[in-house]
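The values are calculated or read from the model by the stated rules, or taken from the named source; none is laboratory data. Since the structure is predicted, the reported quantities are computational estimates derived from the model, not experimental observations. Quick reminder, even Gly has a Cβ in these numbers, built from the backbone with ideal geometry, and neighbours come from all protein chains shown.
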Amino acid sequence: MKPKKIPMRMCLGCGEMKSKKELIRVVKSSEGEISLDFTGKKSGRGAYICRNGECFDKARKARRFEKSFSCRIDESIYGVMADELEKNS
């Protein structure tokens, strides 16, 4: 029997490939709303970051979220996401 394939994704902060379950999904919905998705089931375009704040800060400073979603992200949205990440980590 073949071993089950583990889905891998790249962290936007550190650039490491990790299993999908180890990462947090950041979602841009069809309405343009950007939020964290801890379940991994929200609909929309997704990007992934590690569960630590360092990777979030690296991705934010390098504007990798904006490149992934092809849109400008307001600082207030980053603040909300950072607070959510702190509470759930």
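Side notes on the structure shown:
- Considered as a group, the residues in region 33-76 that are among the aliphatic types (A, V, I, L, M) and over 13 Å from the mean Cα position of the chain (by Cα) include one that is surrounded by the fewest Cβ atoms within 10 Å (Cβ to Cβ), and that residue is Ala62.
- Selection of first residues in region 18-44 that are of a type in the set (Ser, Thr, Tyr) and of second residues that are in a loop (DSSP other than H, G, I, E, B), restricted to Cβ pairs under 6 Å at least 6 apart or on distinct chains, gives the following pairs, ordered by first then second residue: Ser19/Ile6; Ser29/Gly44.
- Just so you know, in region 1-32 the residues that are among the small types (Gly, Ala, Ser) and part of a loop (DSSP other than H, G, I, E, B) include one that is nearest to Lys58 (Cα to Cα), and it is Gly13.
- The residue pairs whose first member lies in region 71-89 and is modelled with pLDDT under 90, whose second member is among the charged types (D, E, K, R), and whose beta carbons are closer than 6 Å, counting only pairs six or more residues apart or on different chains, are Ser89/Arg51.
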